[in-house]
Amino acid sequence: MSKTFDITKEMTLEERLIWVSAGVLLGSAGVYWGVILGRARYIPITEVPYGWAMFWSLGAVVLGSLAVAVATVILAPREADQKDQRDREVGRHGDAAGYNVLALGCLGVLALTVAGAEPFWVAHSLYLCCVVAGLWSAVTKIIAYRRGFSP
Amino acid sequence: MKPTRVTNRIRQLRFAHGEMTQAELAERVGLTRQTIIAIEQGRYSPSLEMAFQIARVFKVPLESVFEYTDPDSDT
């Protein structure tokens, strides 16, 4: 397992972008939960204002990943153009794995909503689904790159 | 366990063709060097079209480059 996640190993640009996206996602979620739990020290957690923090957290992931992709094209245009067949297949494979997790999670969120859960828990379940699906997709892609992949 | 039963002789063929580097082969077939490494190590099966392109670089038939290991031959 340690070899699978050895970041010193030589990687394609696509694989490096996946590592960066996963890092941005984890960092953003970490900061978000830090802010929410920090606020929850003074008031009950379900009363914590979370709307803007969640918006900025998700926005940071989208903008962060976009910024890295744009910077790559500017700094290494030749490498940025080298996406090949394996990159596309690994990408599809990982995206499908992420969508499956997201779909399953959405069913759970739907169940929570039907059960009349508070908006705080519904919103955070959905947020968690997005984060877990993104990470699952990234890990699936990294494993496909490292351990092998047969489409 | 390898993710594919397709084995190949790309490494031997590269050396037989003037010690062609993985980067040279990658450039000629439009793949990244890392993908050539993954194919050589049996971590990735290229598409049929890509397999034909690789065989064409070495000017040999497809079955001289790739071979499918029969699952029944396992012991």
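Distances over 27 Å make up what percent of all Cα-Cα pairs in chain A? Roughly 33 percent, rounded to a whole number.
Overall, the anisotropy analysis places chain B in the prolate class: the square-rooted eigenvalues a ≥ b ≥ c of its C-alpha gyration tensor yield a/c not less than 1.5, with a/b exceeding b/c. The spread of Cα positions in region A:17-58, taken along each principal axis and listed from longest to shortest, comes to 39, 16, 10 Å. Taken residue by residue and averaged, Cβ atoms of other chains lying within 10 Å of the Cβ of A:85-96 number 3. Once the convex hull of all Cα atoms in region A:41-102 is built, its volume per residue stands at 124 Å³. Could you compute how fast region A:91-151 diffuses translationally, taking Rh as the Kirkwood radius over C-alpha pairs and applying Stokes-Einstein at 20 °C with viscosity 1.002 mPa s? Give it in µm² per second. Estimated diffusion coefficient is 174 µm²/s.
For chain B, the relative contact order comes to 43 percent (Cα pairs under 8 Å, sequence separation of at least 6). The relative contact order of chain A comes to 36 percent, based on Cα pairs under 8 Å that sit 6 or more residues apart. Computed from Cα positions, the angle between helix A:51-75 and the longest principal axis of chain A comes to roughly 10 degrees. Counted by neighbouring Cβ atoms within 10 Å, the residues A:Lys83, B:Lys59, A:Lys141 run from fewest to most as B:Lys59, A:Lys83, A:Lys141. Between the Cα long axis of helix A:85-114 and the first principal axis of chain A there is an angle of about 10°, rounded to the nearest 10.
What do you get for the angle between helix A:119-147 and the principal long axis of chain A? Use alpha-carbon atoms, 0 to 90 degrees, nearest ten. Computed tilt is about 20 degrees.
Values quoted throughout were computed directly from the atomic coordinates according to the rules given, and no laboratory measurement underlies them. Fair warning: this is a prediction, and the values are worked out from it, not measured in the lab. Neighbour counts run over all protein chains shown; Cβ positions are idealised from the backbone, glycine included.
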